[in-house]
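See below for the structure under consideration.
Nothing in this text is a laboratory measurement; each read-out follows from the coordinates by a stated rule. Only a predicted model underlies this, so the values are computations on that prediction, with no experimental measurement involved. For neighbour counting, all protein chains shown are included, and Cβ atoms are generated from backbone atoms with ideal geometry for every residue, glycine included.
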Amino acid sequence: ASPSEFVIPLAKYAKAVYHTRVSVGMRFRMLFETEESSVR
């Protein structure tokens, strides 16, 4: 297997993990902000 055959799936996996972490972080931030605003 050539290095490029290994790097491309790795890059796709890293991108997927990054997008998942970002979306989860945004969701948690939205939940936190809505709870905070409802307390006031």
Exercise. Once both axes come from the Cα atoms, what is the angle between helix 3-39 and the longest principal axis of the chain, in degrees from 0 to 90, rounded to 10?
Worked result: 0
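Once the convex hull of the C-alpha atoms of the chain is built, how many Å³ does it hold per residue, rounded to a whole number? Please list the in-between numbers first.
Values: hull volume 1.2 nm³, N = 40.
Roughly 29 Å³ of hull volume per residue.
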For this session: Treat each spin label as a single point 7 Å out from the Cα along the C-beta direction, and report the Ser23 to Ile8 distance in nm.
Result: 2.4
